[in-house]
Amino acid sequence: MEAWRIVSYSFKKPRRLTGINWMYLSDNKKEIGLFLMIGVLLMLIPGMNAWGPDSGVFAVSSFQVSLWGKYLTYAVLAMSLNLLWGYTGLLCLCQSLFFALGGYMMGMHLMLMIGERGAYQNVLPDFMVFLGYTELPTHWVPFYSFWFSSVAVLCVPGLVALVFGFLAFRSRIKGVYFSILTQALTYAACLLFFRNDFTFGGNNGFTDFKDVLGLDLNLASTQRILFILSVLLLLLAYVITSGLLATKFGKIQQAIRDSENRVSFSGYSTTSFKLIIFTLSAMIAGAAGALYVPQVGIINPSEMTPAKSLDVVVWVAVGGRGTKWGPVIGAIVVNLLKSFATRAYPDSWFIILGMLFVIVVLFLPDGIVGLYHKIRSKFPQKASLKAITA
Amino acid sequence: MIHHDPLYKDTPLILSVSGVDKSFDGFKAINDLNFYLEEGELRTVIGPNGAGKSTFMDILTGRTKPDCGSVVFHDSDGHDYNLAKLREFEINRLGIGRKFQTPSIYKSHTVYDNLVLSLDRPRGAFQSLIYRESPDDREIIHDVLKTIRLSDRKQDLAGSLSHGQKQWLEIGMLLAQNPRILLIDEPAAGMSDEESERTGELLLSLEKKHSLIVIEHDMEFIRQIARKVTVLHQGHVLKDGAFDKVKSDPEVIEVYLGRQGEKSATT
Ligand SMILES: Nc1ncnc2c1ncn2[C@@H]1O[C@H](COP(=O)(O)OP(=O)(O)OP(=O)(O)O)[C@@H](O)[C@H]1O
Ligand SMILES: [Mg+2]
């Protein structure tokens, strides 16, 4: 089955291009229904945690809140890759770098918020004391501000993508060369962050966070807030992706995937389109990383290894590349499987993951979402329900 | 100033290519190529495989930069543009459209959307974000759909079209751009006789309103559309002139037409 078929499900009904339209979701009742349903369902997790029973099947522990919060940030990360790989045909292998950069930017703020409550009872973060720093490096100072850090979460990954993308796209680096180059960038950045003298904590990274905006990170209520923020980020990423896809910009994105030559011979500068999407995708990944760090409580360079970027590729492939909900489903399913398999078969996780990927590539080119549509089309009498633009 | 071919002293030229060379790793794909196209002319370019026909179009459209020589587009307002210095999308915006040898369309978009994306409208990233289809746009698209006979397939995915229909769609995408020059690489490839005849009629109907360069192998098709024919061989213009004259030229027969040419020359 070819990639274009899947897209057909989303364009059953001809839709006129009306320019960007944030309310466009209201044009599509089924989509907004699904969208709200997912939002409400997800809100059940913190709800059950706060007001539900303490034991039994309906009990949701605080551990599970932050675990699912982590999955949601992974889902957003997968969506950011889907924007590039699924809809623009750019297989980018530095998504984990953008994610980790966002995480590091937030981590810097969290480190400074520890203040003198660290092991060395020094205003400097512990690792700096350990390495013999006597004062805070200048580039750390602005991170005392939460708002500065939040802007950096978006801008630093965005800027890296902008500069790197500009160089790569202008030199017409395409296809597998683009993938290799982005992987090399990730690897280089990873090595850099492993160094102690790079002022980002070396291989230990940042940990032992205490609070953010005065909220104690160890409290269940703070974890619930972070979870809710993750849900909102997921929905926002979804609205941005679908909003874009409904405009001519989004159509050009997909056209670049199908035939980039045709697009540039139709008078569009594919370089600028790709650059914008690449930067946007890096910012979304950065935002996801920033929410990941306080929920997981640690960020270190192992988050940005090339292998982590490949994980994201697997999530998207398993869920369904180039489908709206596929990356979300893929990220959650693969991570659930991982947490199960690493407990049940601790030594075989990578073999399982590899096999899963091979199976998907060989038999399910459109992942779980494609499988769903395939099964659906086997029951034509229900076709009137065809519905969701997953 | 560009120097005009003496042949065309009095007619307005739209394109002048002179002294162009292009080597790939030492292999001379284009060798001292001189080529002039009149406004509104339909020119057919023929030549054996590997003669450099597609490379010639690559040079005209900015996909390949020539090693030396000049490639000049004469705009109707008197401006001359050096195409060797411009990028693909800039050349396209001047009004030079191209159909590729292998059909290149957006297979996961509908036929209609393929045409929307090809319209000659502001094409910046931001402008694309706020673009709204106007009644005018719709009318143009419906006209094009009628011309390429795909009106009843407009909401189908382009990937589901037959090979011939894809070729037509790509020609339609060029028409939607309303270009001044159409560069068409092997339009009849993979078409049935009937389809290819219709394609020929379509191209003939575009003559005068647009300038066209058509690359083709199919002799039947060339006979149908041929006005002036240019024969490329080893990256160089071997001959040009009326089809009947060219096809009976012994040199041309030798390099290209071979037995097929002899046959058609005697019929
Ligand atoms: N980008 C490139 N790099 C290396 N060699 C190239 C490149 N483009 C074209 N060539 C070579 O230049 C020669 C001319 O190729 P071209 O595609 O222009 O031929 P053509 O006349 O269009 O042939 P055909 O009738 O088969 O389409 C060929 O030998 C080809 O291998
Ligand atoms: Mg060719």
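Numerical summary
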| read-out | value |
| --- | --- |
| Subset of region B:45-63 [within 14 Å of ligand 2 (Cβ to nearest atom) and open to solvent by less than 20 Å² (accessible area, probe 1.4 Å)] | B:Val45, B:Ile46, B:Gly47, B:Ala51, B:Gly52, B:Lys53, B:Phe56, B:Met57, B:Ile59, B:Leu60, B:Thr61 |
| Every residue from region B:218-241 that is open to solvent by 50 Å² or more (accessible area, probe 1.4 Å) and within 16 Å of ligand 1 (Cβ to nearest atom) | B:Asp218, B:Gln234, B:His236, B:Lys239, B:Asp240 |
| Cβ-Cβ under 6 Å pairs, at least 6 apart or on other chains, region B:44-59 side among the basic types (Lys, Arg), far side near ligand 1 (Cβ under 6 Å from one of its atoms) | B:Lys53/B:Gly47 |
| Single residue of region B:183-201 satisfying the filter (within 16 Å of ligand 2 (Cβ to nearest atom) and of a type outside the set (Asp, Glu)) that is farthest from the other protein chains (Cβ to nearest Cβ) | B:Ala188 |
| Search result, residues across region B:86-130 that are of a type outside the set (Ser, Thr, Tyr), within 16 Å of ligand 1 (Cβ to nearest atom) and free of Cβ contacts under 8 Å to residues at least 60 places away in the same chain | B:Glu88 |
| Checking B:Gly50 against (1) small (Gly, Ala, Ser); (2) modelled with pLDDT of 90 or more; (3) near ligand 1 (Cβ under 9 Å from one of its atoms), the condition it does not meet | (2) |
| Residue list for region B:142-174, filter: over 15 Å from B:Ser104 (Cα atoms) and hydrophobic (A, V, I, L, M, F, W, C) | B:Val144, B:Leu145, B:Ile148, B:Leu150 |
| Residues satisfying the stated conditions in region B:242-255, i.e. open to solvent by less than 60 Å² (accessible area, probe 1.4 Å) and either hydroxyl-bearing (Ser, Thr, Tyr) or outside any helix (DSSP H, G or I) (or both) | B:Ala242, B:Asp249 |
| Selected residue (criterion: nearest to ligand 1 (Cβ to nearest atom)) from residues of region B:27-41 that are hydrophobic (A, V, I, L, M, F, W, C) and in contact with a His (Cβ under 9 Å, 6 or more places away or on another chain) | B:Ile30 |
| Residue ranges of strands (runs of 3 or more DSSP E) in region B:35-107 with at least 3 members within 14 Å of another protein chain (Cβ to nearest Cβ) and touching a strand residue (DSSP E or B) at 6+ places or on another chain (Cβ under 8 Å) | B:96-99 |
| Matching residues in region B:55-81 - criterion: being more than 22 Å from B:His210 (Cα to Cα) and more than 12 Å from ligand 1 (Cβ to nearest atom) | B:Pro66, B:Asp67, B:Cys68, B:Gly69, B:Ser70 |
| Region A:67-90, residues that are open to solvent by 20 Å² or more (accessible area, probe 1.4 Å) and either touching a Cys at 6+ places or on another chain (Cβ under 6 Å) or more than 13 Å from A:Val312 (Cβ to Cβ) (or both) | A:Leu67, A:Trp68, A:Lys70, A:Gly89 |
| Residue in region A:144-164 that is over 30 Å from A:Ser272 (Cβ atoms), in contact with a Ser or Thr (Cβ under 9 Å, 6 or more places away or on another chain) and not polar (S, T, N, Q) present | no |
| Filter result for the condition that a residue is touching a helix residue (DSSP H, G or I) at 6+ places or on another chain (Cβ under 6 Å) and open to solvent by 40 Å² or more (accessible area, probe 1.4 Å), over A:Ala152, A:Ala119, A:Ala161 | A:Ala119 |
| Residues within region B:65-91 that are closer than 29 Å to B:Val246 by Cα and open to solvent by 20 Å² or more (accessible area, probe 1.4 Å), tallied | 4 |
| Check on A:Ser179, in contact (Cβ under 8 Å) with a residue 40 or more places away in the chain and either in contact with a Pro (Cβ under 9 Å, 6 or more places away or on another chain) or outside any helix (DSSP H, G or I) (or both) | no |
| Qualifying positions in region A:212-248 - assigned to a loop (DSSP other than H, G, I, E, B), out of contact with any Pro (no Cβ under 6 Å at 6 or more places or on another chain) and open to solvent by less than 20 Å² (accessible area, probe 1.4 Å) | A:Thr247 |
| Members of region B:113-153 found to be among the hydroxyl-bearing types (Ser, Thr, Tyr) and either assigned to a loop (DSSP other than H, G, I, E, B) or at the interface with another protein chain (Cβ under 7 Å from one of its Cβ atoms) (or both), listed by number | B:Ser118, B:Ser128, B:Tyr131, B:Ser134 |
| Residues that are in contact (Cβ under 8 Å) with a residue 40 or more places away in the chain and assigned to a helix (DSSP H, G or I), drawn from region A:135-154 | A:His139, A:Trp140, A:Phe146, A:Ser149, A:Ser150, A:Ala152, A:Val153, A:Leu154 |
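Residue-by-condition table, conditions (1) within 13 Å of another protein chain (Cβ to nearest Cβ); (2) touching a Gly at 6+ places or on another chain (Cβ under 9 Å); (3) modelled with pLDDT of 90 or more; (4) away from ligand 2 (no atom under 16 Å from the Cβ):
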residue	(1), (2), (3), (4)
B:Ala158	yes, no, yes, yes
B:Leu203	no, no, yes, yes
B:His210	no, yes, yes, yes
B:Asp218	no, no, no, no
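The values are calculated or read from the model by the stated rules, or taken from the named source; none is laboratory data. As the structure is a computational prediction, the values presented were derived from the model and not from experiment. Backbone-built Cβ (ideal geometry, glycine too); neighbour counts: all protein chains shown. All accessible areas refer to the heavy atoms of the entire protein, side chains included, with ligands and DNA or RNA removed. Shrake-Rupley method; radii C 1.70, N 1.55, O 1.52, S 1.80 Å.
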